[in-house]
Amino acid sequence: MTKFPPINDKCPHLLHGADYNPDQWLHRPDILAEDLRLMKAANCNVMSVGIFAWAALEPEEGKFTFAWLDQVMDQLAKHQIYAFLATPSGARPAWLSRKYPEVLRVEADRKRILHGNRHNHCYTSPVYREKVRVINTKLAERYQEHPVLLGWHISNEYGGECHCELCQAAFRKWLQKKYQTLEALNHAWWTAFWSHTYTDWSEIESPAPHGEQFVHGLNLDWKRFVTHQTLDFYQHEIAPLKAITPAIPVTTNFMGTYPGLDYWKFANDLDVVAWDSYPRWHEAKTDWQTAAEVAFVHDLNRSLKQGKPFMLMESTPSMTNWTPVSKLKRPGMHLLSSLQAVAHGADAVQYFQWRKSRGATEKFHGAVVDHVGHEKTRVFREVAEVGEVLKRLDPVVGTSVKPEVALLFDWENRWALEDAQGLKRNKKYEETCYRHYRSFWSCGIPVDVINQDCAFSRYRLLIAPMLYMVRPGVGERLTEFVAGGGTLVVTYWSGIVDQHDLCFLGGFPGPLRKVLGIWSEEIDGLYDDDENYVTMLDRNALGLEGEYRVKDVCDLIHLETAEALGVYREDFYAGRPALTVNRHGQGEAYYLASRNEDRFLNGFYRRLIDKMQLRQALPTELPVGVTAQLRTDGCQDYVFLLNFTTENKVVDLNGGEVKDLVADQVIRGHVELPPYGVRILERSAL
Ligand code: GLA
Ligand code: ZN
């Protein structure tokens, strides 16, 4: 039996709770007392406390007021509720900005911001770092022995960038360390173009709207530096916590596929991964398409630490207020979307926010406790119901999944690819990854979402949509993967540039050419109204038939060692290969030369799934809009069946027998799922 340990042994249950801001209610002790009663009523066992409480903790420089937090922590203890205690660096007191303006961020246009808002401090400023070190140390010293201290919630949603002189100097230093010589940097950035050659390190500036924008190597290295500097700041934040409370796990809350930070670089320094999920349910897109995108991000978060359960640190119990429309979650969606996180490996379901604030910008954001102040609301009842269900899922804690399939979603690749001028302005990288992923979601096949630095050997099928940048060694590793019996799927716009965003010379797809057995001579960008078709060849190896619509991209390739399965129907390249397979060693590598409609992706992957006999969470045909996801400890399997439609759905068990873990009853034959219904099935591990 293999299980990951609970996030903290102190609480070996699934966590259920919310961001809690008692610092906004210090003038209302009656409300604070009521909060604790309501937390129990909502079946909560954890709160994230003090995320933006710096002004309440240090109202004047060097004057600390912990009495209120002592009381909150003690009260939580009395009610057996744990705390993820936050470091408050996400927003700072006004005195700090006034006294030390260097902590204020400088925007790309080189304007220093005024005090206000949040998530906007300089990551380099020695003063800010020192102030953060002091307050973090005080918090750790004071609460190190507190029984409710479950984990550290570091800052909040790190993001953005600072272009101040301190950051420029740090950037230059980082570049010097990386390149050693200006000559090496000039070559890597191809600065001979437009005479942009640097002759002194001091000439280098971060990208700016009124300065340099078109040196792609610079843009890329700046993004890398921003990740580096943010991580460095994070490491600085956790240093005193790790010294004083080495056994308390640390995390920081990520923002899904936020483009500004390469989250892979953080993974090693987190004890548990956490993320904030705010999908737009009930939008024009169908809910199940939205659900598949959210699933992708859950899988990414689980993959960051090789399958270790993560935390859903924030989600809304009802609606968001920063979206163009504040749509309410329809009845049932809250339980469904919460259990969706658990289905993909979350050991915590938490919300923003516990109690609605009375003023300022988030006063209309969804919360467990509304302005009315009592528990007799639909939202409160649905939250309490989630808590009720989570309580019955103790056996699920620490379980995970070992997918046979992985999809490569790589931040550096995305940065380079989206910066590239060419092909089409909107490259649709994320959307393309989602579309490939969806074919597996619909069949209930677990998928890891990895980057190109991850080990490939634990998978049987690797999907690399638009692998534009191929870092050193990756082409070789993918070739080895296929030679050893793996199946690889690569699409158009792959193998174009190296780690510096310099084009591969000698024929695309560069280091992937051998394993794919093709040469890409030209690539055609299609206007939005243009289309082409892929016609499947008779008796092709996959047995795919008919024609499929193509939009946006047609790569014009030549076969080298590959064989064509389908060809273009239209245009001057009619008859040329559009879908190929290359047998290399023990495995196969497919190349999708064009961006094909979903019907193609579903059919194509269905054939691969059958051919490779990839394991489904539930070996059955799932109705549209329903998925099955698996968590297992090797002895018992937990299959989450999730219906993201507004219709009743029936799932055939193909003669199998399972136990409904929540209802505690045995089911034979088939499982019924009401609209937005979810069932958690237990069976002996397959
Ligand atoms: C983010 C923040 C929270 C809150 C929510 C609102 O996730 O971390 O503090 O502002 O958004 O959706
Ligand atoms: Zn700065």
task = Please indicate, with yes or no, whether at least one residue in the stretch 103-118 is surrounded by 23 or more Cβ atoms within 10 Å (Cβ to Cβ) and out of contact with any Lys or Arg (no Cβ under 8 Å at 6 or more places or on another chain).
result = no
query = Taking into account only those residues within the stretch 242-265 that are of a type in the set (A, V, I, L, M, F, W, C) and outside any loop (DSSP other than H, G, I, E, B), which is surrounded by the most Cβ atoms within 10 Å (Cβ to Cβ)?
reply = 254
request  = Would you please list the contacts, defined by Cβ atoms under 9 Å and residues six or more apart or on different chains, that run from a residue in the stretch 431-442 that is closer than 14 Å to residue 614 by Cβ and aliphatic (A, V, I, L, M) to a residue that is at pLDDT below 95 and crowded, with 22+ Cβ neighbours inside 10 Å?
outcome  = none
task = For the stretch 137-160, state whether one or more residues are β-branched (Val, Ile, Thr) and either outside any loop (DSSP other than H, G, I, E, B) or more than 28 Å from the chain's Cα centre (by Cα) (or both).
result = yes
key: Residue in the stretch 98-108 that is farther than 23 Å from residue 206 by Cβ and either touching a helix residue (DSSP H, G or I) at 6+ places or on another chain (Cβ under 8 Å) or more than 16 Å from ligand 1 (Cβ to nearest atom) (or both) present   = yes
note = Within the stretch 646-658, residues modelled with pLDDT of 95 or more and over 25 Å from residue 331 (Cα atoms) come out as 652
ask   = Given the conditions (1) free of Cβ contacts under 8 Å to residues at least 40 places away in the same chain; (2) away from ligand 2 (no atom under 16 Å from the Cβ), and given that residue 97 satisfies all but one, which numbered condition is not satisfied?
value = (2)
ask   = Which one of the conditions (1) within 16 Å of ligand 2 (Cβ to nearest atom); (2) crowded, with 20+ Cβ neighbours inside 10 Å does residue 232 fail to meet, given that it meets all the rest?
value = (2)
query = Would it be correct to say that residue 338 is out of contact with any His (no Cβ under 6 Å at 6 or more places or on another chain), polar (S, T, N, Q) and part of a loop (DSSP other than H, G, I, E, B)?
reply = no
Qualifying position, being within 16 Å of ligand 2 (Cβ to nearest atom), assigned to a loop (DSSP other than H, G, I, E, B) and of a type in the set (D, E, K, R), among 110, 172, 129 = 110
inquiry  = For the list (1) free of Cβ contacts under 8 Å to residues at least 12 places away in the same chain; (2) closer than 17 Å to residue 501 by Cα; (3) of a type outside the set (S, T, N, Q); (4) assigned to a loop (DSSP other than H, G, I, E, B), I need the number of the one condition that residue 211 fails.
reply    = (2)
message = If residue 135 satisfies all but one of (1) in contact with an Asp or Glu (Cβ under 7 Å, 6 or more places away or on another chain); (2) more than 16 Å from ligand 2 (Cβ to nearest atom); (3) free of Cβ contacts under 8 Å to residues at least 60 places away in the same chain, what's the number of the condition it fails?
response = (3)
ask   = Of all residues in the stretch 119-151, which are within 16 Å of ligand 1 (Cβ to nearest atom) and out of contact with any Phe, Trp or Tyr (no Cβ under 7 Å at 6 or more places or on another chain)?
value = 119, 120
note = Picked from the stretch 265-319 (must be of a type in the set (Lys, Arg) and out of contact with any His (no Cβ under 7 Å at 6 or more places or on another chain)), the residue nearest to ligand 2 (Cβ to nearest atom) is 265
inquiry  = Take the residues in the stretch 286-325 that are touching a helix residue (DSSP H, G or I) at 6+ places or on another chain (Cβ under 8 Å) and among the hydroxyl-bearing types (Ser, Thr, Tyr); name whichever of them is farthest from residue 627 (Cα to Cα).
reply    = 318
query = Just to be sure, is residue 326 of a type in the set (S, T, N, Q), surrounded by 24 or more Cβ atoms within 10 Å (Cβ to Cβ), within 15 Å of ligand 1 (Cβ to nearest atom) and farther than 23 Å from residue 5 by Cβ?
reply = no
inquiry  = For the stretch 318-328, check the following and say yes or no: at least one residue is of a type in the set (Val, Ile, Thr) and closer than 20 Å to residue 384 by Cβ.
reply    = no
query = Just a yes or no: is a residue in the stretch 548-560 in contact with a Leu (Cβ under 9 Å, 6 or more places away or on another chain), over 23 Å from residue 475 (Cα atoms) and acidic (Asp, Glu)?
reply = yes
Residue count, the stretch 283-323 (criterion: at positive phi and buried (at least 22 other Cβ atoms within 10 Å of the Cβ)) = 0
key: Entirely in the stretch 384-502, the helices (runs of 4 or more DSSP H) that have 1 or more residues that are of a type in the set (Asp, Glu) and touching a Leu at 6+ places or on another chain (Cβ under 8 Å)   = 411-419
note = Those residues of the stretch 604-621 that are under 27 Å from the mean Cα position of the chain (by Cα) and either more than 16 Å from residue 343 (Cα to Cα) or of a type in the set (Lys, Arg) (or both) come to a total of 7
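The values are calculated or read from the model by the stated rules, or taken from the named source; none is laboratory data. What you are looking at is a predicted structure, and each value in this text was computed from that prediction instead of being measured. A quick note on method: Cβ atoms are made from the backbone with ideal geometry, for glycine too, and the neighbour counts reach across all protein chains shown.
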